[in-house]
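Down below is the structure, laid out as structure tokens.
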Amino acid sequence: MPKASTKIQAEAERLRAQIDRHNYRYYVLDDPEVGDAEYDLLMRRLEALERDYPELATPDSPTQRVGTAPSEKFGVVAHRRMMLSLANAMDAEEMTEFDRRIKRFLKDEAEVEYAAEVKLDGLAIELVYEDGRLTAGSTRGDGINGEDVTANIRTIRSIPLKLTKPARGALPKLLEVRGEVIFPRHAFERLNAERARAGEPAFANPRNAAAGSLRQLDPKITAARPLDIFCHSPGVIEGLEYSSQWEFLQGIKALGLRINPLTRICAGVAEVIAYWNDLTARRHELDYEADGVVAKVNSFALQNQLGEVSRSPRWAIAYKFKAQQAETVVREIAVQVGRIGSLTPVAKLAPVALAGVTIANASLHNLDEIRRKDVRVGDTVLIERAGDVIPYVVRVTRPDAPRKPEFIMPAQCPVCGAAIVHEEGEVGYFCVNANCPARMRESIRHFASKAGVDIDGLGDKLVAQLVERGIVLELDDLYRLSREQLAGLERMADKSAQNLIDAIERSRSTTLDRVINGLGIRHVGEHTARQLAIRFRTIEALMAAVEDELRGVRDIGDEVARSIAEYFAEPRNRQAVVRLAAQLKIEPPPEPAAGRAGLRGKSFVLTGMLAALSRDEAERKILAAGARVTGAISRKTDYLVAGAEAGSKLRKAGELGVKMLDEEAFLKLLDGGEL
Ligand code: IVH
């Protein structure tokens with residue numbers, strides 16, 4: 001391994017400082033200095049340097065945010081100071097009562113100064129900085145012990161790995177800050193749409209998405225999610241003194257931590273109530289979920305005097321927003337058919353205004369849910385917008401009124417009339433007809449979507465017409481459409497027909513990951529599609545892969561591997577993919593920079609522990625050489641790399657006659673040496 005010259009070291013140092021500054025401006029100040037392309041260039045240059053000179057890749061380098069190896073389970077972190085919870089005030093009266101209690105306790109009638117903050121509906125976490133470096137991140141847990149999610153926390157870009165040295169004063173010896181990890185609303189809808197396409201269950205709200213993303217065993221999954229943070233309260237601090245909540249917030253902001261810009265100082269409870277009114281009106285404009293206002297006595301001296309009762313501070317309260325609910329009548333329970341044929345019941349409602357929008361549909365999720373809530377046509381129901389997304393039915397509000405019979409799932413597909421299957425013990429109901437127009441419609445929509453081959457202008461109504469008229473019955477039919485066929489459709493002018501033909505033409509040149517994602521294989525979303533594209537490089541290689549090989553791909557577990565294998569085991573699917581591929585010009589992912597021709601396409605299995613490399617590094621090197629890594633040995637395996645304490649794979653490789661390499665031979669092979 002070459003050693004970095006001082007010139008190279010200085011360049012890496014400079015790149016790191018630049019990238020840190022851009023991260024800070026982008027993620028914390030929301031005020032970037034450079035565009036994405038320029039940022040990417042800097043990042044790529046630093047990655048290249050660190051690849052060539054691994055000793056430059058310090059743990060706090062901005063490249064390290066992609067995360068480190070997953071741990072088996074999260075460790076436990078004891079909070080040095082307990083993470084308290086907040087008592088609630090449900091209305092202005094209870095808020096005023098809280099203020100009165102404080103004055104009584106302090107035996108002082110003077111107005112109390114409050115810091116009024118947004119109550120964020122995210123996941124509470126604690127960050128620990130020692131001598132300015134992020135050393136730990138944990139969830140709140142039970143307030144006393146939390147889960148160690150340091151590796152995941154480090155992937156959140158608005159969390160600095162190093163604090164900024166303030167203009168005046170030094171870095172604190174120890175700084176514990178608590179904050180709320182949030183999942184931005186704009187990205188939430190996208191995430192759920194992606195999950196739906198991949199046949200994965202949707203997150204109920206952004207809070208769950210934040211929690212689900214942070215509590216991943218593999219930090220790479222966390223890294224791929226656009227999590228953000230607002231820091232809001234102190235833990236133990238050594239080497240710095242703050243005298244109020246406001247001063248604390250400004251202080252940590254100067255250290256590079258992100259705080260919520262909507263925090264205000266209020267000179268008394270009346271101003272807190274005015275702030276609550278103001279936020280209530282504006283909460284829908286925020287890009288994150290908020291469920292109220294937190295009012296905190298601003299002075300730390302007064303906070304100390306007030307102390308706490310039963311796990312909540314006496315000096316703070318959560319003044320909650322009113323729930324976003326409305327009453328309306330269920331006119332019909334419709335059943336929608338999804339891409340994989342699954343049936344979803346939807347309540348068609350008498351339109352009702354709720355939080356600024358008119359609601360006419362609410363999800364009923366599945367039959368179990370309908371039974372549990374006993375929702376029937378004609379019922380008056382309470383609906384709620386959970387996290388401002390798809391509204392759902394909370395409950396029937398007048399169950400004693402005369403009622404219609406219970407809802408039953410149709411025995412035949414409401415679209416094509418084919419049989420509906422339901423496995424005992426499972427929640428789902430599915431249409432058996434692979435040619436069901438509803439399924440075809442959804443498949444085409446998915447294939448043409450932004451994350452698929454991205455056919456601009458192929459909207460839902462058009463797809464429905466194309467399928468209903470039997471013009472498009474398979475994905476490859478799209479590529480045989482003529483302008484005349486399109487011009488014959490409703491609301492299709494000559495010019496738009498030509499534009500669509502052009503867009504379809506453009507989509508012929510596409511990338512492998514888009515095609516894989518576009519196929520709509522159950523459990524395969526954008527991320528998995530990308531991993532598959534990197535590993536297999538051609539659609540033919542992917543189709544030829546056996547389940548074991550699929551399981552060896554990064555981030556692919558048993559269920560996903562099985563689903564992919566089942567998809568390609570189906571002759572109909574194989575034929576459709578072959579015909580589709582014949583219409584496309586599919587590019588593999590970019591060639592690895594330095595590959596050895598002799599290793600391209602070869603398949604490796606790793607076992608045991610290597611001395612010089614982590615498993616991750618070994619995998620990366622194999623991939624960079626244009627080869628692939630699989631989890632299990634088969635006759636197709638080219639090399640078994642055996643480190644210390646290699647187990648049963650060694651025997652199996654022997655039985656199958658797979659070539660075995662020890663670490664030295666492996667490194668030599670990668671370096672281009674002969675075996
Ligand atoms: S202060 C003792 N400030 O609400 C002080 N908490 O029920 C407690 N939360 O678990 C924390 N926004 O995670 C504070 N601006 C804010 C907050 C906030 C949301 C969460 C916090 C805590 C829960 C309290």
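Throughout, read-outs are computed from the coordinates displayed, never taken from laboratory work. Given the structure is predicted, the values throughout are model-derived calculations rather than measurements. Virtual Cβ from ideal backbone geometry, glycine too; neighbours counted across all protein chains shown.
Numerical summary
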read-out	value
Cys residues of the chain counted as unpaired, since no other Cys beta-carbon is under 4.7 Å	231, 266
Ranked list, fewest to most other Cβ atoms within 10 Å of each Cβ, for 278, 477	278, 477
Binned Cα-Cα distance frequencies in region 526-671 - 5 Å width, integer %	2, 9, 18, 21, 20, 15, 8, 4, 2, 0
Ordering of 485-494, 313-322, 505-514 by packing [mean C-beta count within 10 Å, highest first]	313-322, 505-514, 485-494
Theoretical ellipticity at 222 nm over the chain - DSSP helices of four or more residues, -39500 (n - 2.57) apiece, nearest 500	-10500 deg cm²/dmol
Under Karplus coefficients 6.51, -1.76 and 1.60, residue-wise ³J(HN,Hα) of region 468-476 in Hz, glycine/proline x	4, 7, x, 7, 10, 10, 9, 4, 5
Over region 286-377, relative contact order from alpha-carbon pairs under 8 Å, at least 6 apart, %	20
Principal axis dimensions, region 133-189 - Cα atoms, whole angstrom, descending	42, 31, 17
Extension gain (nm, one decimal) between residue 424 and residue 47, 0.36 nm per residue minus Cα-Cα	130.6 nm
Order by protection proxy (mean Cβ within 10 Å, highest first), peptides 234-244, 133-143	133-143, 234-244
Rg/Rg_globular for region 319-443, with Rg_globular taken as 2.2 N^0.38 Å and Rg from C-alpha atoms	1.14
Local net charge near residue 350, Cβ-Cβ under 12 Å (Lys/Arg +1, Asp/Glu -1)	-1
Column: log10 I(q)/I(0), Debye, Cα scatterers of region 384-482, q = 0.11, 0.15, 0.19 Å⁻¹	-0.55, -0.87, -1.03
Gyration tensor (alpha-carbon) shape descriptor, region 453-612, a/c threshold 1.5	prolate
Kirkwood Rh and Cα Rg combined as Rg over Rh, evaluated for region 242-308	1.00
Total formal charge among the other residues, if their Cβ is under 13 angstrom from that of residue 329, Lys/Arg +1 and Asp/Glu -1	+3
Relative contact order computed over the chain (Cα-Cα under 8 Å; 6+ residues apart), in percent	9
Within-12-Å neighbourhood charge of residue 395 [Cβ basis; K, R +1; D, E -1]	-2
J(HN,Hα) series, region 298-313, from Karplus relation 6.51 cos²θ - 1.76 cosθ + 1.60, nearest Hz, glycine and proline x	5, 6, 5, 5, 5, 4, 4, 5, 6, x, 9, 10, 5, 6, 10, x
Per residue convex hull volume, Cα atoms of region 464-537, in Å³	106
Cut-off under 5 Å, modelled amide H: who pairs with residue 89 long-range	318, 319, 320
Kirkwood hydrodynamic radius of region 459-503, Cα pairs, Å	10.5
Gained length - residue 9 relative to residue 635, 0.36 nm times residue gap less alpha-carbon distance	220.9 nm
Residue-by-residue Karplus 3J(HN,Hα) for region 511-523, coefficients 6.51, -1.76, 1.60, Hz, glycine and proline x	10, 4, 5, 5, 5, 4, 4, x, 5, x, 6, 4, 6
For the chain, average projected area of the Cα convex hull in nm²	36.2
Amide hydrogen neighbours beyond the local backbone of residue 361, cut-off 5 Å, H modeled	349
Scattering curve values for region 94-139, log₁₀ I(q)/I(0), Debye with Cα scatterers, q = 0.22, 0.26, 0.29, 0.32 Å⁻¹	-0.80, -0.94, -1.06, -1.14
Alpha-carbon gyration tensor eigenvalues x 5, square-rooted, for region 137-290, Å	29, 23, 13
Distant-in-sequence amide H partners of residue 418 (H built 1.01 Å from N, under 5 Å)	413
Selection from 523, 557, 504, by position along the positive dipole direction of region 504-636 (Cβ)	504
Region 393-422 versus region 215-274: alpha-carbon centroid distance in Å	47
